[in-house]
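Each value in this text was obtained by applying a stated rule to the coordinates, not by laboratory testing. Predicted, not measured: the structure shown is a model, and the values here were computed from it. For neighbour counting, all protein chains shown are included, and Cβ atoms are generated from backbone atoms with ideal geometry for every residue, glycine included.
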Amino acid sequence: ILNVEQSPQSLHVQEGDSTNFTCSFPSSNFYALHWYRWETAKSPEALFVMTLNGDEKKKGRISATLNTKEGYSYLYIKGSQPEDSATYLCAQASGTYKYIFGTGTRLKVLA
Amino acid sequence: GAVVSQHPSWVICKSGTSVKIECRSLDFQATTMFWYRQFPKQSLMLMATSNEGSKATYEQGVEKDKFLINHASLTLSTLTVTSAHPEDSSFYICSVLGAEEKLFFGSGTQLSVL
């Protein structure tokens, strides 16, 4: 993998459903993996920064895992709510100032 | 975290004119700011790293004479698109590197060049 890739590109889920997305990244020159939530007409908001293989982080109903050896991270949302509707971006940092972003996963939670 | 304000939110200009975009760090002294560009259905692409009091560092393929960056203070960086052309129409967004190495973003500027 040469680029940061996210899947799916978009998805719709019903309120209350749990869902997850994938971020795949080059496993070489790995420094950190970031997740951001980007609501329409707002600024992207940092969710997690993960650095160690096996890292798991949690913020409310949202959690993320990291596998640096195989080059992927999962973002999980438990019990999705309409306010979770946003684009979720991941970015690989190969150094302090070098971030490569994926194209994002657009989530729509239907009430 | 840092609060970042970016203006304007959108701008329409005629081909050949210059457009200035401001990025302010409201509660954080930012020695480094980043400028990104996003074309439709593509990812955020780093254009340049803006360093307070010194020259910006541009990514490969980004014309420094076309995209002028000024970072004269710890709270303000500006991006000026000079002699804008329709192919410069894009979404431009700035960010600040804050605590825990998280990026804090402005809300972005949609530029349309007619």
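Label-to-label distance, A:Ser10 versus B:His85, with points set 7 angstrom from Cα along the beta-carbon direction: 3.2 nm.
Note on chain A: with a GNM built from Cα contacts shorter than 10 Å, the maximum mean-square fluctuation among A:Asn29, A:Asn67, A:Asn53 falls on A:Asn29. Between B:Gly61, B:Gly98, B:Gly16, the GNM of chain B built on Cα springs shorter than 10 angstrom shows B:Gly61 fluctuating the most. Listed values for segment B:76-84 are Karplus-derived 3J(HN,Hα) couplings in whole Hz (6.51 cos²θ - 1.76 cosθ + 1.60, θ = phi - 60°), namely 9, 10, 10, 10, 10, 8, 8, 6, 5, and x replaces Gly and Pro. If you take all other residues with their beta carbon under 11 Å from the beta carbon of A:Arg37, and give Lys and Arg +1 and Asp and Glu -1, the sum is -2.
Each Lys and Arg Cβ is given +1 and each Asp and Glu Cβ -1; about its Cα centre, chain A then shows a dipole of about 160 debye. In terms of its C-alpha gyration tensor, segment A:62-111 comes out prolate, because a/c is 1.5 or above and the ratio a/b outweighs b/c. Kirkwood analysis of segment A:2-52, using all unique Cα-Cα pairs, places the hydrodynamic radius at 13.2 Å. On a per residue basis, the convex hull of the C-alpha atoms belonging to the protein assembly as shown measures out at 120 Å³.
Can you pick out the pairs among A:Lys57/B:Lys66; A:Lys58/A:Lys108; A:Lys69/B:Lys102; B:Lys20/B:Lys41 whose Cα atoms lie more than 32 Å from each other? Listed pairs above 32 Å: A:Lys57/B:Lys66. In loop segments of segment A:1-107 as defined by DSSP, the GluC sites (Glu not before Pro) with at most 13 further C-beta atoms inside 10 Å of their C-beta are A:Glu15, A:Glu39, A:Glu70. Between the alpha-carbon centres of segment B:86-108 and segment A:47-88 there is a gap of 21 Å. For chain B, the direction-averaged projected area of the alpha-carbon convex hull comes to 6.6 nm². For chain B, the cysteines with no partner cysteine C-beta closer than 4.7 Å are B:Cys13.
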